[in-house]
Each structure stands twice: as C-alpha cells, then as structure tokens.
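All of the numbers you see were taken from the coordinates with simple rules; none came from a lab. Computed from a prediction, not measured in an experiment: that's the story for all the values here. Neighbour counts are summed over all protein chains in view; Cβ atoms, including those assigned to glycine, are modelled from backbone coordinates with ideal geometry.
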Amino acid sequence: MDFIKGIFNVLADPRLYFFLMVLSLVLMVWKREVFTSKAVGYGVLIFLTLFFALGGLDPNFQLIITKPDNVPIVGLIFLLVFFTWYSMRQAVLNDQRIAKGEGPIEKAESDRVWVWPDLVYTELIALILCSVVLIVWSILLKAPLEQPANRAVTPNPSKAPWYFLGLQEMLVYFDPWLAGVVLPSLIIVGLIAIPYIDKNPKGNGYFTFAERKVEITVFLFGFVILWSSLIVLGTFLRGPNWNFFGPFEYWDTHKLEALTNVNLSEYFWVRALGQGLPTNYVLRELPGILLCLIYVLVLPPLLARRGFKPYLAKLGAPRFYVTVFLFLMMMSLPIKMLLRWIFNLKYIVAIPEIFFNI
Amino acid sequence: MAEKKAVGHAYNIDFLNVVFAASSIFLFVSTIWMVWDDFDREWKNTQRQFTQLELEVTRQQLAQSERGVDRAKMQGLQQQLAVSQKSIEANRQRIDEINDRMADIDARLYRVNQAAQFAKATYDVNRYAFEAERKENPEGIGERQKEVEAEAERVRERNLEVQKIEAERAALQAELGKYTSQAAEAQKQIAEITFEQNRLRRLVQTIEPSVVKDYFRNAPLLDFMAPTLTVRQIVTPNVVDDVNFARVAKMDRCTTCHLAIDRRGYEKYPQPFRTHPNLQAYVGSDSPHPMATTGCTVCHQGLGGSTSFNDASHYPGNPKQRQEWEEKYHWHEPHMWDYPMLPTNMTEASCQQCHRQEVYVPNAPKVNVAYSTYERAGCYACHKTKGFENLRKPGPILTRINGKLTEDWVKNWVRDPYAVKNVTWMPKVWYNSNSNSPADHPRNEAEINAAVAYLFANSETYTPAVASPPKGNPAAGEQIVRSIGCLGCHVIEESDRAAVGPRRTFGQPLKSVGSKTTYAWLYNWVRDPKHYNPATYMPDLRLTDPQVADVATYLTTLTGSNGMPAPVTPTQAQSDAVLLDYLRNLMPLAEAQGRLEKMDVKAKQLDLGQRVIARYGCFSCHDIKGFENTQPIGVDLSEEGSKLVTRLDFAFVDIEHSKLEWFHQKLKDPRSFDQGRVLEPLEKLRMPDYHFNDVENERLQTAIMSFQRDVQPASALPARTAKRDYTVRGRALVRRQNCVGCHEIEGDGGDYRTVVTDPTLAPPMLTPEGAKVQPDWLYAFLQAPITIRPWLSVRMPTFGLDDGRWNAIIDYFEASGNSIGPFRTYDHAELTSMAGPGRQLFDLLRCQQCHVLGAIPADQPLSNLAPDLRMTHERLKPEWILDWLRNPQRIQPGTRMPQFWPAPPYPKSAYPQLGGEAEPQIRAIRDHLMTLRGGPSPKRPAGTAQSTN
C-alpha cells in the first residue's frame, strides 16, 4: 500500500505531473478513436472513483479532499474529464459520419428545435437534481468558518480561490507583474479575440474534431493543461510555503526546498564568460532581452515563412500575426516551466531596479 | 388549432420518466433529511432531555414541599376554614342580600363616577377656553367667568356624590366582612403555607409535556413559529470579545444546553444539567458575578456563540474525561477557535481579566496558590511579567560569596542543587536533557568552574560582626528553631516541595546548611541578618547571644549530602574551546583566536565566567557584581496566556499541539524541545530545570494562562475606590513579605498551623485586625513588637521595614475591616454611673480567669488563654470591643471567648446589673476596661524592659 502511495507521490511531482498531463492530451487527440470508446470512458471513471475512494482512506489525502473548499475541485476533476471525453466522443462520431458522407448528427433534424417535452423535461430533471445536490451538500458540509481574522497571522499555505490557483501556480515561474497582470490580461484578450481570428467556418453547431484540429488542440492545451490541471495541482499538490507535497504526503511546515535558481544573465556573464555582472542593467540583461525580442519579433515572421505558411494565407497578415502572438504568449508558460526545470533558470530578463523581470 | 404532428424525440421519454421519478424521490428524501437534520440538533436533544429532568426534579421538589408542610397547623387552619364556611352557609341569605346591595351600589358608583369624570373633563375644557379668551380679551368675560365657576361647583358636587357612595360601599363591605373575614383570614394563611407547593404545582403544569407543545410548537418544520426549544443567549454589554478588528459584546449561548446552571437543586445531576458550584460567588443573581452581566466565556473561555459541543471548544480536564468525550461526543481538539475553554481546574486563570494584577483574589484559591508558586519560583525574575515588576530578586546575594561559601561547595551546588536540598527553589542549569551526554561533560564543567571563579573573584570581603563566636547547646537550639517561628518560612526535613507550599519555603530550606557554611557565618546571620545582606527579608528574632549560639550550633548539626561531584575535570584545551565558542559568535574566528592567545589562564577563566553568567542569566535571581543593570534573558510572559498556539515551537516532541500541553512539557523539561535537533552548543535552550512535580506544573500553567491581553473595558472592571486600592496593595504585600506564612488573613494563609499541635498555639488570625486595633498602636507594635500572648512560644519578629510598607499594611487592615479613614485617636471618659457596675461585671464574669495579668494562670489550658486586658486602652478600638463582646464567634470563629449575651435573652441580659439590659452592661464593661493601666506597650520609650520569651 505504501509502495503504491509512494508511486503516486513521485508521479505527482510538478515536472512528471505536467509531462503526464501533456502526454495524456497528446494520446487522447492522436488515438482519439480508442480513447473515446465507452470502455475507456468507464475505465477512466472507475479508476478515478477508486483513486479517490481508496486514497481517501489515507489520513493526509482525506484532509485535502474533505476540506469543504476542496470538495468542488474533486467534482471538477470528474466533470472536466467527463465533458472532455464526451465532447471528443461526439466529435469522433460526427467525424466518422462526415467521412461516410452522412453529415453530423446535429444536422439530422435541424429545422426543428425540440422544446416540449425534450428541453423542458430535461430542464426540470436538471433542476430537481441540482436541488438535491445543494440540499445534500448543505446538510453534509458545514460552512468553513475559522477563527476571527487576525492581521498578525497569515495562513500557511495561503491559497487563492480555486479559479485563480492556475495563476498562483504561474507565480512560481513568473514575476508577479507578468503572472498576475500581463498574462491574465492576455488570456482575457485572447478569449475575446477568438471570434475575430477564427476564420474556420466549419464545426458551426455540431461536434467535430477533424475539421477543427488545430483550434481544438490549442484550446484543449490552454484550458485543460495550462488552466485546469494547474488548478488541480494547486489544490492537491501544493502545501505549506507553496512547497510540493505528494497527495499522500504529510504537510510538514518545516520542509525546506533549496531555491538555487539562476538568472540568464548570470549564466551568460558569470558562468559562461567567467566575468562579473556588468553594472549597467541594459548591458547585463542584453542576452535575455535579445532572446525575448527574437521570440516576439523574429519568430512570428519566421513561422509565417516556414511552418505556418498555410495559416498566413488563410487568415491574412493581421489576423495571422495576432494569432501567432497570442499563441506564443500562451506557450511562454510551458517554455518557462521547462527552462526552470531543466536549467534552474530564474529569470530570462532580470531588472529588479525597475521591478521588471521576465 | 394546428394538429399536433408526430415528431421525433431527442430522448426516450419513458427513460426520462424513470429518471424524473427517481430524481423526484431523491428530492423528497433529501427534503425529509433536511427537515430531520434541523429537528435532530444536538442542543435540541439536550433540551428535550432537560425538560424530562426538570419535570422529575420539580415533582420531587413538590413532593418534598408537600411533606414539609406542618400537618397539625394545616389541619387546624382547614378546620377553621370549615367552621367559618359553615357559618357563612348559616347566614347565606343575609350574605346574598348584602351581595345584591353591593352589586347595586357598584352599578351606581360606576355611573356617578363616570358623571364626575365627564364633568371634570368638560370643566377643564371650558376653563382652558376661558383662560385663553381672558388673555385675548381681559374685560368683557364676566359672564364666562361665572359659568366656569358654576361648572367648578358642579364638579365638586359630583365628587361629593362619589365619595358618599364609596362610604356606603365601605360600610356594606365591613358588614359583609363580619361574616366572611374569618374564612378569608384562614384562606390567606393556608395560601401562605402552601405558597411554595402551589408555585411548584403551577410550574409542573407549565413544563409538563402536552400535545400542543410536542406536536405543534416543537414539531419538525413547524418549529420556526413558537418553539419551546430555543437557543438561549446572554449578551453582556460590558464584557467584550476581542475579534482582532473590533471588540464586540460577548454573546454566550452556553445556557442553551446548561439549562440549570443558575438553579439550585441540580447539584447531583450529570453535566450539562448540573448547577454551577459556589452560586453565591459565581453565576447567582446575588453574587458578585451574576450570569446576566458576566456571561460564561469571560471566565471559561471557548466559543460562546456556538450551540454545538465540539465547536464550543470544550476542553477535558483529565485524560479519563477526554476518553469519555471522544466516545460520547466524537470530541477532537478544537481547531477553529484560538482560545479554547480552560479545563475546569484552571478556570480561575481568567480572574485576571477583571481583577487586574491582583495577587490575591478572594474565592479563587487555585490561582492564588498559582501566583504564590510563580513568585516563589522567581519566574518573574527572568521572564518580565506585568504585575510582577519591581519585585526583589528571589535568590540570595552573591556579592559577598567569599565570606559565606567555598568554591567547591558552590560548584557542587550549581551542578545539581536537588542533590543537596531537594526542596530548594534553585534550578538546575547544567546536566539537563540537552547537555547530558558524555561529550557535554567537559563543556559543562568548564562553564561551571568559570562561573564560580568569576563569582569568587568579584566578591567583596565580608567581615562578620563577631569574628569567633562561642558555641552553644544544639538541643536547646533545636528547641528554639522548632518553636519560635522559624518554621513559618523555613523547612528542615520536609522533602515534598509542592506539599509544603511556597509559603513555608519562603526562606532557604535548612537541610544540609551545616555542610554548606561555617559556624561563624551562621552565628552572625542569625544574630543580625541585615549585616550580611541589608536587603534581606529575614527578620530579627530578638534572640540573646547565648540563644543565637544555641541556634547556630544546632544548624551546624544539620549536615547532609554534598551534592553531585564533577564527573570529569576539563583540560585547559577544553576550557579554551568553550571560550572560543563564545567569542566566535561575536567576532571572526581569527580575531577570537588572537584574543584568546593574549589572555592568561586566570583571565580566560574570568572572561568565560562572565560570559557564562550572562548567557544563563544567573544575575536575574542573584545580585552579582557587574550585572546590576543587565536585562533578564527570558521571554516576556505578560500576554503568554493569549499567545496563539501557532507561535509555539513543538520541534520533535510528540505531544498534542495545544498551548497547555506545550506549557506542561516546557515546565516539566525545559530543554526537551532541543531533542532530535542538530544544534551548536550556544544555540541550545537555556531555561533551567526546576524539578516541578505535576501539582506545581499545573499551578504554573494556571498562572501562565492567567497572563492574558487586557481586553475588558473599564466598565467591566471592579470599581476603583481607595478601599479597594488599599486592599489590593495590602493583599499583595502580606504575601510578598510572607505574613500569610504565619498568620491567616482573609481566609488564606496561616501555614504555621501545620507545625503546631493546637491551632491556638499558632500566630493569631489577622482578618479583624483593622477593625480591632488602634492604628498608631499597630504602627508602634510593628516597629518594635512586644509580647501580647506570653504563653506562646512563637514570637512576632522585628522586620525593620520602611514606613511606606508599614502604612500600606495598616491601610490594608483598615480597609478590610471597613474602618478606613484618618487615623483616629481616642479620648476616653468614663461615666461615674457606669464605673461600679462595670467593675462588678468584670469580676462577675471572671475575665481574669483567662486574660493574663502579668503571670500566666496555671490552672487554665493554654488554648483558653487571652491577652492582657491592661493593653486595651491603647490597643483596641472601643467600638470593636462592643462588637466583640456581643458575638465573638462572628469575628473569630472557633475562639474560646464565651458569648455572655446570647440571642435569647438578648437584648435582655442574664445578669442583673444596670436593669438587666445587655447593651448598657456591655458598654459598662468596655468603659471599665478602658480605665485599666500598666500593661505592656510598644509605645513606651526605648530602654524600658519589655517582657519577651
């Protein structure tokens, strides 16, 4: 038993966890016919149920999943997995129909909108079930009222509400200005921009994957991996002092992590060239600044000419460049995470003098 | 209407029907569950239990009160009632007539009364109109005036009519009374006798279960309207909760379950239905802490606003109770409230919230002994604590150690004081749980040697007053020590420090004192303690030099263990390494080594000694040269009771994470939190080990929990008056000077009684002293005590305190005797008419049989004897003598002084003088006593011989 728990604790390490999440997504997309079968669906459901049921016997894990604030996240995991599986399944089924020339299921009776009894009845049932869930929830889980707030006592860990845990996780890798202001704004801007940059007319009103491969993959990556899985990470695997703790590990507030991360400028000047750091911060951060400028200014046109040529044609230059910019911003998070994990890289550009770091 | 076309469905409707049915059933079940959850609350069930218990208890009380009725009297009254009922029956016709006429009169009275009132109302209106009109138009209202006056006349007539009818009615009533008054009287008396019964019967009816109550008012879902099972709360406007951003009135819902807490009669029942102990002091409406204005949580702490057993943060008092609660209530440590309830045996720790910095709180014995222990152990010396500032250093001075002790003895003592004297309050600084391993021994020895060397090198030379005193007789000395009063502050053989208490260990234990120091030092000390230490609290016992020799010789026979010898002798290299450690913390290694090389062996030892004393804080308890102004090393404990448990470091010690457990562990083994850690020697914990046993540990935990943040506003505190200030200051003073070690004052103290065979052989109780003695006599006495009770072996020592302290004590006695005010002197004049009877009564009552007059009467047991009455005129307050003579037991319970004027026949007297009236007789004796002269007096000029033992 301890051995199995030990395996889970190891697998839950942020690096392996992230890698496993990405791997799962890749596999699900690549081998979608297999992964959307009912067998796999039930299998995943049973696995998750067993994991939470048996894992809940462990006192440390029990503390996490029975905390009233975390109960919805357990529900979130089930719901997220289900809806991702379900929509992919519908998409695969539709793709199969489209391949056969039949058109998607949704088009079959597209001149009617079924309201009575289909919509209304199901709405009623949903209403009843919602009420039942709320009633049972309110009986079983008490409001988590703690001691009177004390400005001299900071809770440890100090966690953001669940919908911001993804951003709080980003704070590990990015400066607060970027992780808290710039990137969230870009997320919102990006979401708003989607209708304007998405020129693919297909997939309107019906599930499909084959007709919108890139769009769906990119969105799933951004939502399931970068947003939701980081929320799950922040809920279950981050403990006191924002240290990593496996799901079955005891939350020891005295656990220490050596924070020995190195800035890019130090790598360049001190380690590679063997000199001291230059006093002028522009000169000092020049390598990093150049890298960032290349990433933002040189990479898009490069991509336009090489890998993404068809998209340039499809979208036109303005849309294309906006999309690529947003995409590159989104990918900056996993890239930074990898740089941190592989090179212990702290900041690409570190200018504490003006409180600006990347 | 368009025909309904058959259309396809998105779903299988039959399946949906099943789903709908199932979900509806779920909804129904969960609703029932929700209603049930609200109905089945913990506190409601407790209240249901209580209604049954209350019914049972009230029925029992009813039965008891029925039994308690005087049967004979009741029968008599009932007979009386029967007789008068019969006579009423006999006169039934007449009575009915009278009642009819009464009815008539009542009707008439009603009409006439109404007419009078209406007339008055009309008159008032017209009068007002008249007055208003007259103001406008002063002339030309003559007519109106007459009208108004006529109306006034009418009103008067009406009133007269009313009065007439009322008189008629009264006469008729009196006539009726002739027939019915007896019955009414009998009924009234019966009602008086059965008052309690009737009250209880009505109560039973009210609380009996009924259909309406059980099936409507308290029914599930209907009980939102007017339930009988309700949450009860006490909101206290003056007592506040500090919720960090605000102070809010406390809202205590404890009485929701503790329903009988303020009702007598439930003392035997299990919690939560038990009556609060000591209702006269706490919770009762006539107590100083009535529940309605004090609430519960200000004393007991915990979350008052909760109605659930666990959330209220109840805390078990002992492991057995903890287990019970875990089984019965699924009790777990309270996590969501920073200030869980105090275990019941520590409740008195909360007295401090309002009784700020009072060292003695009446009716709170646990916290009082907790503070005595805290002071005697000297915790305040290292740990600054509010309320314990500016107290003396608890240990003896070390500035003259040369003249008293040898280096070897001091080293053995310091190494393990408990091996020499197991009752001592000196703690063990070295060889504790974090410095016990063989690797630590050389370091310990180096530090001890260095510290002792420092003390001796910085000691003044002390020349005793008598250089080579003669020896005496140890048997006589022992007799003196055991009888004269030394045992009030010193123990000799006792070995249980907690059982003996902080008062009898106020002075150093005398065990092994013979092996400790020289005869010459002991002689000089007993003879004149202030010569060695001018600030000592040891008083002068006024012994003659031969007596001093006897006592000192006896003390030298008290030899004992010489303590723990050194396990190793450190080499010079090891000592140097220790000093290097100290220096390295202050400067770079190279510099430290350089400094070390420059010093010679002696200088190194003295330097190390000084650093050792500075590190371990010896100077906090002892006067040491060079450390006069050094700040103590301990944590400030002034708000330790309010500390959050998250601030305490539990390290690797496996104890429950609560404040009380931490304090318990820390007091049990202060260095235990170092276990399992990797630490530099100078990073280790320093608090020494006091060998507290469980009793002392709990006392100190109570004391620490009482050091709380000041949260309660001034309106909650006891009102400040001069009397209160004197009382508080005096209570502290008589404890800090250990007066209470010998004397019982205000119900506390008098530990000396444990070493005498008869309590009358102990020093007298001083509670009535302020009301009793004249203050200037008391002042003179305290300056230079005389013998008041020559048959006692104990004697009042000469303390030699300053005027400030004596006056504080006198003010305290006056305040507690309710006779505060300017010091009065008394001029006495005796009435000649009283002189004769006074002297007669004095002889008749044979006062001289017990009250000594110079010689001690041989025919009386010692416990009967009383002070010389010739001291009365300058010693006793005249008003007090009257109170004393009337009822001595009330002033001094257990006294042998007879009560000559007991309640019957008081105010008459059994004696014939002065008309057989008690008061004049009492006054006559008092006046006679005030004429007596020639007794011992502290006010006589110095040089006059005083009688001493």
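I want to verify the translational diffusion coefficient of the range B:363-516 in µm²/s; compute it with Stokes-Einstein, Rh as the Kirkwood radius over Cα pairs, at 37 °C and 0.692 mPa s. Answer from the Stokes-Einstein relation: 181 µm²/s. Share of pairwise Cα-Cα distances greater than 17 Å in the range B:760-818 is 42 percent (whole percent). Both radii come from the Cα set of the range A:71-161: Rg as radius of gyration, Rh as Kirkwood radius; their ratio Rg/Rh reads 1.20. Taking the fewest neighbouring Cβ atoms within 10 Å as the starting point, the ordered list for B:548, A:113 is A:113, B:548.
Think of each Lys and Arg Cβ as +1 and each Asp and Glu Cβ as -1; about the Cα centre, that makes the dipole of the protein assembly as shown roughly 1480 debye.
Scaling against 2.2 N^0.38 Å puts the C-alpha radius of gyration of the range B:535-581 at 2.22. Using only side-chain charges placed at the Cβ, +1 for Lys and Arg and -1 for Asp and Glu, the dipole size of the range B:157-303 relative to its Cα centre rounds to 380 debye. With the convex hull of its Cα atoms as the shape, the range B:195-334 has an orientation-averaged projected area of 11.7 nm². Evaluated at q = 0.12, 0.13, 0.27 Å⁻¹, a Debye calculation over the C-alpha positions of the range B:249-306 (equal weights, vacuum) places log10 I(q)/I(0) at -0.25, -0.30, -1.19. Could you please report the charge total around residue B:300, scoring K, R as +1 and D, E as -1 over all other residues with beta-carbon less than 11 angstrom from its beta-carbon? Charge balance near residue B:300 sits at -2. Take the Cα of residue A:344, go 7 Å toward its beta carbon, and the backbone nitrogen atoms of the range A:233-258 under 18 Å from that spot belong to A:244, A:256-258. Relative contact order for chain B using alpha-carbon pairs under 8 Å, separation at least 6, rounded to a whole percent? Once divided by the residue count of chain B, the mean separation gives 10 percent. Positive end of the dipole of the protein assembly as shown (Cβ unit charges, origin at the Cα centre): among B:590, A:204, B:889, the Cα lying farthest that way belongs to B:590. Among residues other than residue A:337 with Cβ under 15 Å from its Cβ, the summed charge is +2 (Lys and Arg +1, Asp and Glu -1). In loop segments of the range B:299-390 as defined by DSSP, there are no trypsin sites (Lys or Arg not before Pro) with at most 12 further C-beta atoms inside 10 Å of their C-beta.
Which residue, chosen from B:329, B:265, B:307, occupies the Cα position most advanced towards the positive end of the dipole of the range B:244-351, where the dipole is computed from +1 (Lys, Arg) and -1 (Asp, Glu) charges on Cβ about the Cα centre? Of B:329, B:265, B:307, it is B:265. Shape descriptor for chain A: Rg over Rh equals 1.00 (Cα atoms; Rh from the Kirkwood inverse mean 1/r). For the range A:290-344, what is the convex hull volume of its Cα atoms per residue in Å³? In the range A:290-344, the Cα hull volume divided by residue count equals 79 Å³. For the residue pairs A:142/B:44; B:602/B:625; B:428/B:598; B:320/B:659; B:120/B:164, alpha carbon separations beyond 24 Å are given by B:428/B:598. Let a ≥ b ≥ c be the square roots of the eigenvalues of the Cα gyration tensor of chain B; is it rounded (a/c under 1.5), or, if not, prolate (a/b larger than b/c) or oblate? In terms of gyration-tensor shape, oblate.
Taking every residue in A:112-119 and counting other chain Cβ atoms within 10 Å of its Cβ, the average works out to 3. Qualifying chymotrypsin sites (Phe, Trp or Tyr not before Pro) in the range A:308-358, where qualification requires a DSSP coil assignment and no more than 10 other C-beta atoms within 10 Å, comprise A:355.
Of the trypsin sites (Lys or Arg not before Pro) found in the range B:652-734, the ones in coil according to DSSP and having at most 13 other Cβ atoms within 10 Å of their Cβ are B:677, B:709, B:720. Shielding of peptide A:126-132 by partners, expressed as the average count of other chain Cβ atoms within 10 Å per residue Cβ, is 5. Taking Cβ atoms as reference points and 15 Å as the exclusive limit, the residues near residue A:249 contribute a net charge of -2, counting Lys and Arg as +1 and Asp and Glu as -1. Counting neighbouring beta carbons within 10 Å and listing from fewest to most, the residues B:512, A:87 come out as A:87, B:512. For the range B:885-928, taking the reciprocal of the average inverse distance between every pair of different Cα atoms yields a Kirkwood hydrodynamic radius of 10.9 Å. Each of A:130, B:739 was scored by other Cβ atoms within 10 Å of its Cβ. Arranged with the fewest first, they read A:130, B:739. With viscosity 1.002 mPa s and temperature 20 °C, the Kirkwood radius over alpha carbon pairs of the range A:246-351 converts through Stokes-Einstein to a diffusion coefficient of 129 µm²/s. The aspartates and glutamates within cross-link reach of residue A:213, meaning a Cα-to-Cα straight distance under 16 Å and a gap of 8 or more places when in the same chain, are A:33, A:95, A:198.
Computed over Cα pairs, the Kirkwood radius of the range B:57-167 leads via Stokes-Einstein (1.002 mPa s, 20 °C) to a diffusion coefficient of 109 µm² per second. From the Cα gyration tensor of the range B:344-403, with a ≥ b ≥ c the square roots of its eigenvalues, which class applies: rounded if a/c is under 1.5, or else prolate if a/b is larger than b/c, or else oblate? Taking the square roots of the gyration eigenvalues as a ≥ b ≥ c, the range B:344-403 is prolate. Shape class of the protein assembly as shown from the alpha-carbon gyration tensor: oblate, with a/c at 1.5 or above and b/c at least as large as a/b.
In the range B:518-598, Rg over Rh equals 1.34, where Rg is the alpha-carbon radius of gyration and Rh the Kirkwood radius from pairwise Cα distances.
With a 10 Å cut-off around each Cβ of A:50-58, the average count of Cβ atoms from other chains is 0.
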